[in-house]
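In what follows, a single structure is set out as structure tokens and then discussed.
Readers should treat all values here as calculations from the given coordinates under stated rules, not as data from a laboratory. This is a predicted model, so every value here is computed, not measured. All Cβ positions, even for glycine, are placed from backbone atoms using ideal geometry, and neighbour counts span all protein chains on display.
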Amino acid sequence: SESGVEQVTKIEAFDDTEIFGTAPSSVTDAADTAGASILAALLGGKQRMLVDVRDAELSRDLDVLVQFIELSILPVAAGLEGLKTQKNRVKIVFPTVSLLMQYRRTMALAAPEVISLSTLGFDPVEKKDNLVVVIAPFPDDDEGLAQMNDLLSSPSLRQPVVVLNHHMVPLLGPGGNFEPVYHLRLLSVQYMTGDSPPLEIEKRNTQKKAGSTSSGANEKCKEDTRSLTEFSAANTKTEGSDEGVPEKEVKEDAELEAAMEHAHELGVQQGVTRAMVIRAYPKPWHVFVDTSPDSDADFEVAATFDEYPSQDDINFAIVECLEGSEREDELVAQQMQQALESGQLNTVSDMLGITNIEVDMNPEDDDEEDEDEYYDDWNPWGPTDTV
């Protein structure tokens, strides 16, 4: 400028994780995020909240459930500690006395002035309670579900409420309509990619009207019954028996596996990967897909939704993400080939002071030549060791 003052443009960069968040690798990570989401929702004025974590480990291991509860209420409990107000306590309401006793035996937060425990059916809410956390009963506990629904529908319940559903099925009743401040659902995805999907797969998808079919991929997406730790560590489909699995689902899996084997013969590639549906308030809904199932987990955001996505939306997002990942790999291979043919790799090697770089694009041919040389040198009538 004429005044000689330089104008500086400030560009602020944001990490993707700050916008989309990250896919949790353990129950502990999920609990930390759930606690932050509950605190953010409370500060945002939410009164009825739902934490829906469908993880098998929470359903079968009470110690893990206790750890998840404590980590999820820790941010709020820390904020209430020391407050000189009438309502300065977090109330945890358990569905049964046995679960309450299990929590008391293994809990790490020993602060009765901040955290209080109770069970359904015993007037659990008091005036000192600032936040009420209700642990959802088992889906087949009709009496417990009725007591929880009565409590949630009571006009005397004026405190903010968080319902924690740690079972593998959606929560029914009033609690299922609460604001989902944290949601985690694990999905196992079987997919096939290729230039054109087999006719049997197209026919099967059309008849079932489930999943999503595009020009290059087919997939079957169902809820994963493993724990989050097993889910994040597994790179392939878990092998095991079909005990406890419905006969219809076993038959469908057998049909899909047979179709996938036939598809492989027709030049269509098959694979198994993982996906997650996550919502952590105030962020929107995200679908994460592992694009590197054969190596270390690499979850990428496949889609973002303002509302709870339907199963068709989830399927379509997974297919688009998997196809995009494959196209990216093909593009990188083409660029490497073009760089090799144009001599760009030699230019780079000269700059680095490295000479005689040879890139073998067909290593299988070298293996065949080595085998030929081996058999040429082998004399079947020469001296041998006798065993």
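Database remark: amide H of GLU179 closer than 5 angstrom to the amide H of ARG48, MET49, LEU50 (H placed geometrically; neighbours at sequence offset of 5 or more, or on other chains; Pro and chain starts carry no H). Backbone phi angles across segment 162-175, fed through the Karplus curve with coefficients 6.51, -1.76 and 1.60 (θ = phi - 60°), yield HN-Hα couplings of 10, 9, 9, 9, 10, 9, 8, 10, x, 8, 9, x, x, x Hz in residue order; Gly and Pro are listed as x.
With the simple model of a label 7 Å out from the Cα in the direction of the Cβ, GLU341 to ASP141 spans 6.7 nm. Each peptide in 98-110, 151-163, 279-291 gets a packing score, the mean of other Cβ atoms within 10 Å over its residues, and the list from highest to lowest is 279-291, 151-163, 98-110. Amide H contacts of THR119 (H built 1.01 Å from N, in plane; Pro and chain starts excluded): PHE94 sit under 5 Å, all sequence-distant by 5 or more or on other chains. Between MET168 and GLN47, the contour length at 0.36 nm per residue exceeds the alpha carbon distance by 41.1 nm.
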